[in-house]
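Colleague: One structure, as C-alpha cells, below. Some questions next.
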Amino acid sequence: ITGSENNVGGLIGYLESTTIKVENSTLLDANMTVKGETHVGGLFGYANKTALQGPAENNVIYTNNEIPQMDTFHDQFSGKVEGNLYVGGVLGYLTGDGAQLGFFSVDGTVVYKDSYAEEIGGILGRYAKDGVVGIWDCVFKGKVNSNGGKYTGGIVGCWNSQRSSQGGKIQDCIN
C-alpha cells in the first residue's frame with residue numbers, strides 16, 4: 001500500500017470523531033509494506049477524536065507479576081511500515097479529546113523511508129495537541145529504526161500534550 005503523501009494506513013488512512021473496533025481483521029503478510037510520507041501506520045494513518053480497539057483477547061494479563069509470553073498475542077499487522085514523519089506500527093498520528101488506542105499487537109518493522117524518520121514508534125508515532133489520551137494493552141514485537149531521527153520509541157515516538165495537567169496514560173503495554 002503506497003500513498004503519495006499523507007494519511008496512509010493498511011486499513012484506513014484518515015479517521016475523524018469515530019470509534020473503530022477491529023475484529024477478525026489482520027494484515028499478516030510479512031512482505032506487505034505500508035508506505036507514505038507523513039501520518040503512516042500499519043493499520044491507520046491519522047486519527048482525531050477517535051477510539052481504536054483491537055480484539056479483546058490481546059488483553060495483557062500478568063500472572064504472579066510476570067510479563068506474559070509475546071507469542072500469546074494475536075497480531076493485527078506483521079509487515080513493514082515506512083515513512084518520514086509520524087510513523088507507527090498501528091497508527092501514525094493520534095490527537096484530540098477522547099483519543100484511545102487499545103488491544104493491538106504488531107510484529108513488524110517500522111522504519112524511515114528516505115534518509116531518516118522523526119516521531120516514529122512501534123505502536124504510535126505521535127500523540128499531540130489537546131485532550132486526555134489512553135493507550136493500553138498494546139504489544140510491539142518488532143523493530144523500529146529511525147536512522148538517527150528525533151523521537152524514536154518502542155511504544156510511542158513522541159508524546160506532546162498541550163494540556164499536560166490532564167495528562168494521559170500508557171498502561172499494560174509490552175515492547
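Colleague: Just for the stretch 29-38: of the residues that are part of a loop (DSSP other than H, G, I, E, B) and open to solvent by 10 Å² or more (accessible area, probe 1.4 Å), which one is nearest to residue 108 (Cα to Cα)?
Modeller: Result: 30.
Colleague: Let me ask something additional. Which condition breaks for residue 100 when tested against (1) open to solvent by 10 Å² or more (accessible area, probe 1.4 Å); (2) of a type outside the set (Ser, Thr, Tyr); (3) in contact with an Asp or Glu (Cβ under 7 Å, 6 or more places away or on another chain)?
Modeller: If we test residue 100 against (1) open to solvent by 10 Å² or more (accessible area, probe 1.4 Å); (2) of a type outside the set (Ser, Thr, Tyr); (3) in contact with an Asp or Glu (Cβ under 7 Å, 6 or more places away or on another chain), just (3) comes out false.
Colleague: Considering only the stretch 110-127, I want to know if a residue exists there that is under 15 Å from the mean Cα position of the chain (by Cα), outside any strand (DSSP E or B) and of a type in the set (D, E, K, R).
Modeller: Looking through the stretch 110-127, none of the residues is under 15 Å from the mean Cα position of the chain (by Cα), outside any strand (DSSP E or B) and of a type in the set (D, E, K, R).
Colleague: Right, another one. For the stretch 10-28, which positions are in a strand (DSSP E or B), open to solvent by less than 40 Å² (accessible area, probe 1.4 Å) and within 18 Å of residue 79 (Cα to Cα)?
Modeller: Once the filter is applied, which keeps residues that are in a strand (DSSP E or B), open to solvent by less than 40 Å² (accessible area, probe 1.4 Å) and within 18 Å of residue 79 (Cα to Cα), the stretch 10-28 yields 13, 27.
Colleague: Could you list, ordered by first residue, the pairs with Cβ atoms under 9 Å in which the first is in the stretch 1-12 and more than 17 Å from residue 31 (Cβ to Cβ) and the second is surrounded by fewer than 20 Cβ atoms within 10 Å (Cβ to Cβ) and among the charged types (D, E, K, R), at least 6 apart or interchain?
Modeller: Short answer, once both residue conditions are applied: 3/35; 3/37; 4/37; 5/37; 6/37; 8/35; 8/37.
Colleague: Within the stretch 39-96, can you find the residues that are of a type in the set (Val, Ile, Thr), touching a residue at least 24 places away in the same chain (Cβ under 8 Å) and in a loop (DSSP other than H, G, I, E, B)?
Modeller: Hits for the stretch 39-96 are 50, 60, 67, 90.
Colleague: Cβ-Cβ distance below 6 Å, separation of 6 or more or different chains: which pairs start in the stretch 13-35 with a residue that is closer than 19 Å to residue 3 by Cβ and end on one that is aromatic (Phe, Trp, Tyr)?
Modeller: Correct list of pairs: 14/46; 27/77.
Colleague: Looking at the stretch 133-146, which of its residues are in a loop (DSSP other than H, G, I, E, B) and open to solvent by 20 Å² or more (accessible area, probe 1.4 Å)?
Modeller: Result: 141, 142.
Colleague: Between 125, 149, which is crowded, with 19+ Cβ neighbours inside 10 Å and closer than 18 Å to residue 38 by Cβ?
Modeller: Testing whether each residue is crowded, with 19+ Cβ neighbours inside 10 Å and closer than 18 Å to residue 38 by Cβ leaves just 125.
The values are calculated or read from the model by the stated rules, or taken from the named source; none is laboratory data. Values in this document were obtained by computation on a predicted structure and should not be read as measured data. Cβ atoms come from the backbone with ideal geometry, glycine included; neighbour counts cover every protein chain shown. With ligands, DNA and RNA removed, areas are computed over all heavy atoms of the protein, side chains included. Shrake-Rupley method; radii C 1.70, N 1.55, O 1.52, S 1.80 Å.
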